[in-house]
Structure formats: structure tokens, C-alpha cells
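Data first, discussion second: the structure below is written as C-alpha cells.
The values are calculated or read from the model by the stated rules, or taken from the named source; none is laboratory data. Just so it is clear, the structure is predicted and the values come from calculations on it, not from any experiment. Cβ: placed from backbone, ideal geometry, glycine included. Neighbour counts: every protein chain shown.
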Amino acid sequence: MVRLAPFGATVTSSGRPATVFMPASSFVVWCRGVCAQGSNHDIEQFVQPVAGFDPDPLLDAPVSRGEECRLALVLAGVDFADDRVKSADWPARKPNTPFGSMPVFSVPGHPPLAQTNAILVLIGRRHGLHPKDDFVAAQHEAVMAYVEDLRATVRPSMIEKDPDKKRGMREQLASEVLPLWASHVERLIGDGPFFAGEAPNVVDLKLFVLSKWVRGGALDHIPPTVWDAYPKLVRIHDAVRDDPRVKAWYARA
Ligand SMILES: N[C@@H](CCC(=O)N[C@@H](CS)C(=O)NCC(=O)O)C(=O)O
């Protein structure tokens, strides 16, 4: 069931009040979600960025923080409203987000939630995609935070306009930063196929999307082979890629 809720209306298909954070000129598409366990689940809305406000066209490719959250909902089996913000609309919507950034995840009855890792952990806990043991969960969260550290380290090279400076930054990333990062993570990965064994967790999705980005060949001066010497990291990428739910997601029209 899909409803259009103009101007921040608060009716959900379950009849319960919904938290809507859209600006007044926007509308929200609500979808009924069904959780992995098969029972009715809250209606969930997911807002994420597209290209436009960022000079790097990569943000329009499925290698973003938003894609990490979408994949978590895909593995969870939850229908969601995939609200991709147009660059022209972003200035108006930005002040209505918790930290002026995307992605933002909204579940009726709760305030909108920002910060990718917090969103992933919430979805992971609700849908069996995050460890129940609190210490093991914290270990996964540490790796997820380390992915964000790497994104922040790569970021200056994405906004550098001078081609020579950009090349220098990227060459240093390729020769030093990326191998060191991967060597740290490689030591923490188990026997697989996923980070913690037979089943994927949200940490695997985080590593998958990052690997797609770093090894995808679209980052100038970063060779797609940059992580070939880290077989466990590559294995996680391949295991997530080959998951039938993930395949179906990328095969959709
Ligand atoms: N640590 C934040 C970073 C969020 C972030 O930087 N989002 C970018 C897009 S990936 C954004 O919203 N940029 C637009 C802006 O800052 O105005 C997270 O993990 O969600």
C-alpha cells in the first residue's frame, strides 16, 4: 500500500501518527514494510543524497552512504520509500535534517535519525544483521567507524580542483593510505565468507559499498587493483555482491 502524504500530513497506512520531517513543499511516499521475521513492521521512510551538491559525480553511483542503508533494508526485507533528494531541493531540506546531512532515516513515532552508522546499527539490531553480543557488536561498529574515517581521508582529494595536487593526493592514497587501511581491516576479518562467518551483517554492507567505490575504477589515480593483496576484504565484497537479495536489488528495472 502506498500513500501520498502532502505537506507533512501525519497519517500512516496503519492509522497511527507518523513523524514526518519533510519541508512543507514536499510530499512523502509511505510504504508498508514487512520485517524479516514476517510480521508487520513500522512504515519506514529513507532519505538519501544524490549527485548535485557534491562536485564528485560518484555520489550518483551506488557507492554512497545512502546505498549502505538501502542494502540493509533490502537484506532485512523491508519495503521503504527511497526518497532521493534532488540537488535543487537540498538547500530547503537541509535545515530539516538533524545534522544538515544525509542520509536520514524516518520511522513513524520517532524523530528522524541521521548518521549512517547509527541507521545501520538500528536496522541491523531490528532485523538480525548486527551481533547480539554487545562486545562483538562494538567490534563491528569500530570497523564501521573506520570506514567513515577513510571516507573523510579521501574527501579532500575529491574536492581538490588543481589536477596536479589531486593526482599527488590520490597517489599517496593509493600507495600508502589505502593499503595501510586495508591491512588493519584484513587482520580483523574471520574465515568468512562474511566478516563474522556464514551470514552477512551491516558491517559487511559497509565494507561492500566502500570496496565498490575504492576498487570501482572511478576514482582517478586509484588503480582498481589497489586492494588485490587483501583477499578477505575482496571476499566480503564478492560474498555481498553474490547474495541473491543484493543481486535482485541491482537487477531491478
Ligand atoms: N558522518 C555522516 C556524514 C554525512 C555526510 O557527509 N553526508 C553527505 C552526503 S554522503 C551530505 O549530506 N552532504 C551534503 C551537505 O553536507 O550539505 C554520516 O555518516 O551520515
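For region 110-139, the tally of residues that are small (Gly, Ala, Ser) and either within 22 Å of Ala152 (Cα to Cα) or near the ligand (Cβ under 9 Å from one of its atoms) (or both) stands at 3. Of everything listed in (1) farther than 18 Å from Val74 by Cα; (2) in contact (Cβ under 8 Å) with a residue 40 or more places away in the chain; (3) of a type outside the set (Asp, Glu), the single unmet condition for Phe194 is (1).
Looking only at residues that are among the hydroxyl-bearing types (Ser, Thr, Tyr) and not in a helix (DSSP H, G or I) in region 219-253, which one is farthest from His130 (Cα to Cα)? Looking at residues that are among the hydroxyl-bearing types (Ser, Thr, Tyr) and not in a helix (DSSP H, G or I), I get Thr225. Of the residues in region 77-86, none is free of Cβ contacts under 8 Å to residues at least 24 places away in the same chain and exposed (fewer than 15 other Cβ atoms within 10 Å of the Cβ).
Determine, yes or no, whether Val107 is surrounded by fewer than 16 Cβ atoms within 10 Å (Cβ to Cβ), more than 16 Å from the ligand (Cβ to nearest atom), over 20 Å from His237 (Cα atoms) and of a type in the set (Val, Ile, Thr).
Values: surrounded by fewer than 16 Cβ atoms within 10 Å (Cβ to Cβ): no; more than 16 Å from the ligand (Cβ to nearest atom): yes; over 20 Å from His237 (Cα atoms): yes; of a type in the set (Val, Ile, Thr): yes.
Against the criterion (surrounded by fewer than 16 Cβ atoms within 10 Å (Cβ to Cβ), more than 16 Å from the ligand (Cβ to nearest atom), over 20 Å from His237 (Cα atoms) and of a type in the set (Val, Ile, Thr)), Val107 does not qualify.
Selection within region 74-104: residues that are charged (D, E, K, R) and in a helix (DSSP H, G or I). The member of this set that is nearest to the ligand (Cβ to nearest atom) is Lys94.
Using the structure shown, decide if Pro131 is farther than 18 Å from Arg70 by Cα and surrounded by fewer than 15 Cβ atoms within 10 Å (Cβ to Cβ). Steps first, please.
Details: farther than 18 Å from Arg70 by Cα: yes; surrounded by fewer than 15 Cβ atoms within 10 Å (Cβ to Cβ): no.
Answer is no for this residue.
Of the residues in region 113-121, none is in a helix (DSSP H, G or I), assigned by TED's automatic domain parsing to the domain that holds Pro179, surrounded by 18 or more Cβ atoms within 10 Å (Cβ to Cβ) and touching a residue at least 24 places away in the same chain (Cβ under 8 Å).
All of Ala142, Ala152, Ala199 fail the test of being loosely packed, with under 11 Cβ neighbours inside 10 Å, within 23 Å of Ala118 (Cβ to Cβ) and either out of contact with any strand residue (DSSP E or B) (no Cβ under 9 Å at 6 or more places or on another chain) or in contact (Cβ under 8 Å) with a residue 60 or more places away in the chain (or both), apart from Ala152. Leu71 satisfies every condition listed in (1) at pLDDT 90 or above; (2) within 10 Å of the ligand (Cβ to nearest atom) except (2).
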